[in-house]
Amino acid sequence: MFAYDPIALTVLLLVLPVYNEFSRTRTNKPTTLRRKTTMAAAADEAKSKGNAAFAAGNFTDAVRHFTEAINLSPNNHVLYSNRSAAYASLNKFSEALIDAEKTVELKPDWSKGYSRVGAAYLGLNNYNDAVLAYRKGLKIDPNNEMLKSGLSDAQSGQGRGRGRGPSSSFGDAFSGPEMWAKLTSDPRTRTYLQQQDFVRMMQDIQKNPNNLNFYMKDQRVMQAFGVLLGMKWDTRTPEEGVKMPGGSPERKRRAESEPVKEEKRAGYKAQPVPQPEPVEVSEEEKELKERKVLVLKEKEAGNVAYKKKDFENAVQLYSKAIELDDADISFLTNRAAVFLEMGKYEDCMKDCDKAVERGRELRSDYKMIARALTRKGTALVKMAKISKDYEPAIETFQKALTEHRNPETLKKLNEAEKAKKELEQQEYFDPQVADEEREKGNQFFKEQKYPEAVSRYTESLRRNPKDPRTYSNRAACYTKLGALPEGLKDAEKCIELDPTFAKGYTRKGAVQFFMKEFENAMETYQAGLKYDPQNQELLDGVRRCVEQMKKASHGDLTPEELKERLAKGMQDPEIQNILTDPVMGQVLGDFQENPKAAQKHMKNPLVMNKIKKLISAGILQVK
């Protein structure tokens, strides 16, 4: 076995100039590559802050963070896209358009950039250009639902522009995506959007602005109405503390403390306080309002029954709600959830399909459509018996993610793909066929037809992925073909499946030897000898590694070999860590300047091990 004499090392160790050069350069400024890496990391951090601010509704902060990220990474199209969305949420549609066009300029084949351009044009009421932008995006991604929805909004805007009279601004306040953008960007109404009853009321008004009459008593709706019309009013009642113009606290207290003096003038008659005229509501509108109240009552009762696992009753209550109001697809998705719990998967999928179809007609929230698709995908997974049964489920989950990227849906997609793969392996598993394919591979290997051998070994592993012999044989093929990383991976898998199989160690050691990682190859061969001490291949591998390590440590290398060895060693993270270790820096310095101190260092086994690695890498030489 090859060993180092500590005394000889102390006297004869020569530290190569490469170490001194490394020591000098690591105190200099970072390299261009390191600066780029640092800037990219800073840009990602700023982007993450911008995303967090956007999600929290802090759009001004989001713009600031995205701007910081753009300054660090000016060619990143995603950053311009994100800042465009933040500007649009602040109703700064001109700035949003500039960023959106920059996004398209940087990434013309990215459909989302055209979606940003279209949204900006919509905000500027430039419906013609919005239509053109959405159509360009659909040429790239014809199935993108967001682009389809935006195109529909833009075309609706064109229609309103052609047929709109001077009195249509009231209805326009509730039309299109601009309504939700305004409510989101205003701090007075942003929190209301988290309240489902408010969202339903606004959706109802959006469908028919005349329905505003039903909700005028709701202060949140009136506050939202003022925001949409650009008016600022306070919806609180006088009892809630509204300060009336000209009414200072002192005057108010004085007025309350003084008795009201009756007018003594002859003929004086107090004028009655004018009362607001009642709003006339038709019988049809009254019936509609009563029906909505009844629908919500049925839905809430259904929710209670579902939580109690009273599924039969929940189905009846949701069905009654659907009969009363088919414009709310949440009733369908709720009933689908009940059917899913009851194991009635076909009924669940029918409700989900109806919800998606009806939701498209009503232009419902994308999240609701995504929920219906996710429930359908879950039902398909429950019904899956063979690997092919998972394909429609996976496709359905993918459609749901195009509507709304929900983490729960993504998790279900990953689980379905994993289950499909596992079933495929089980269905394909056949040890007898695997042995036949391996034998075919062996024959090709003997004939030196290595690509054909790899193909047969791969088929054998598909039939039986737990056979270490096949991994060992394929690793040998990869080594012959010069595909060393693939060979190393197969050798490691062979050892993982059977740690006592000596062939795995000979394959791995051979790959590492050809990669000129002699120290690692030596460790691999020695690990194999623990299980088979007399294995000649392993012993020969150790001998070859010793020869190469001696050759490197004594400087018996050609200049080209030395240069290649040093370059490889300097790329090794372990070698870099040793050279940047201040303790090792002192040790190596003592070898050059203070042999007596160096003698003490050699008694430390950790220091000795690191020096051996530097010698093996060609960084140090023994002469």
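Report, by residue number, each residue of the range 294-353 that is within 21 Å of L373 (Cα to Cα), of a type outside the set (S, T, Y) and open to solvent by 60 Å² or more (accessible area, probe 1.4 Å).
Once the filter is applied, which keeps residues that are within 21 Å of L373 (Cα to Cα), of a type outside the set (S, T, Y) and open to solvent by 60 Å² or more (accessible area, probe 1.4 Å), the range 294-353 yields D326, E341, K344, E346, K350, D353.
For the range 287-317, which positions are under 15 Å from F214 (Cα atoms) and basic (K, R)?
K289, R291, K292
Please determine whether any residue of the range 411-429 is closer than 28 Å to G528 by Cβ, free of Cβ contacts under 8 Å to residues at least 40 places away in the same chain and either touching a Leu at 6+ places or on another chain (Cβ under 6 Å) or open to solvent by 20 Å² or more (accessible area, probe 1.4 Å) (or both).
No, the range 411-429 contains no residue that is closer than 28 Å to G528 by Cβ, free of Cβ contacts under 8 Å to residues at least 40 places away in the same chain and either touching a Leu at 6+ places or on another chain (Cβ under 6 Å) or open to solvent by 20 Å² or more (accessible area, probe 1.4 Å) (or both).
Inside the range 392-410, can you point out the residues that are open to solvent by 40 Å² or more (accessible area, probe 1.4 Å) and in contact with a helix residue (DSSP H, G or I) (Cβ under 9 Å, 6 or more places away or on another chain)?
P392, E395, Q398, K399, T402, H404, R405, N406, E408, L410
Please name all residue pairs, on different chains or six or more residues apart, with Cβ atoms under 8 Å, provided the first residue is in the range 353-369 and is at positive phi and the second residue is open to solvent by 70 Å² or more (accessible area, probe 1.4 Å).
none
Anything in the range 112-125 that is aliphatic (A, V, I, L, M) and surrounded by fewer than 24 Cβ atoms within 10 Å (Cβ to Cβ)? List them, or say none.
L124
Six or more apart or on different chains, Cβ atoms under 9 Å: show the pairs whose first residue is in the range 33-59 and open to solvent by 70 Å² or more (accessible area, probe 1.4 Å) and of a type outside the set (G, A, S) and whose second is at pLDDT below 75 and not in a helix (DSSP H, G or I).
As it stands, the answer is R35/K29; T37/P30; T38/P30, since those pairs meet every condition given.
How many of the residues making up the range 366-390 are over 21 Å from K354 (Cβ atoms) and open to solvent by 90 Å² or more (accessible area, probe 1.4 Å)?
2
Per-residue answers, yes or no, for (1) over 30 Å from K600 (Cβ atoms); (2) acidic (D, E); (3) modelled with pLDDT under 85:
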| position | (1), (2), (3) |
| --- | --- |
| K489 | yes, no, no |
| C494 | yes, no, no |
| K503 | yes, no, no |
| T524 | yes, no, no |
| K563 | yes, no, yes |
| Q571 | yes, no, yes |
| T580 | no, no, yes |
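Just need a number here: residues in the range 381-422 that are of a type in the set (A, V, I, L, M) and more than 24 Å from S364 (Cα to Cα).
The total comes to 6.
Can you confirm whether K376 is more than 22 Å from M146 (Cα to Cα) and basic (K, R)?
When the stated conditions are applied, K376 does not pass them.
Any residue at all in the range 169-180 that's under 38 Å from the mean Cα position of the chain (by Cα), under 30 Å from Q155 (Cα atoms), modelled with pLDDT of 55 or more and surrounded by fewer than 12 Cβ atoms within 10 Å (Cβ to Cβ)?
No: zero hits.
Taking the conditions exactly as written (part of a helix (DSSP H, G or I) and surrounded by fewer than 16 Cβ atoms within 10 Å (Cβ to Cβ)), does N128 satisfy them or not?
yes
Which residues, counting only those in the range 482-497, are crowded, with 22+ Cβ neighbours inside 10 Å and under 20 Å from Q448 (Cβ atoms)?
G487, D490 - these are the residues of the range 482-497 that are crowded, with 22+ Cβ neighbours inside 10 Å and under 20 Å from Q448 (Cβ atoms).
Applying the selection to the range 437-476, what residues are open to solvent by 40 Å² or more (accessible area, probe 1.4 Å) and under 22 Å from A502 (Cβ atoms)?
E439, F445, K446, K466, R469
If a residue must be outside any helix (DSSP H, G or I), open to solvent by 80 Å² or more (accessible area, probe 1.4 Å), of a type in the set (D, E, K, R) and within 17 Å of E496 (Cα to Cα), how many such residues does the range 515-534 contain?
1
Against the definition (surrounded by 19 or more Cβ atoms within 10 Å (Cβ to Cβ), within 30 Å of M515 (Cβ to Cβ) and more than 27 Å from the chain's Cα centre (by Cα)), how does T479 come out, yes or no?
yes
Could you check, for the range 140-155, whether at least one of its residues is under 27 Å from the mean Cα position of the chain (by Cα), assigned to a helix (DSSP H, G or I), surrounded by fewer than 24 Cβ atoms within 10 Å (Cβ to Cβ) and modelled with pLDDT of 90 or more?
Yes, because at least one residue in the range 140-155 is under 27 Å from the mean Cα position of the chain (by Cα), assigned to a helix (DSSP H, G or I), surrounded by fewer than 24 Cβ atoms within 10 Å (Cβ to Cβ) and modelled with pLDDT of 90 or more.
The values are calculated or read from the model by the stated rules, or taken from the named source; none is laboratory data. This structure is a prediction, so every number in the text was calculated from the model and none was measured. Cβ sites come from the backbone with ideal geometry, for glycine too, and all protein chains shown count toward neighbours. These accessible areas exclude ligands, DNA and RNA; they are computed on the full protein's heavy atoms, side chains included. Shrake-Rupley method; radii C 1.70, N 1.55, O 1.52, S 1.80 Å.
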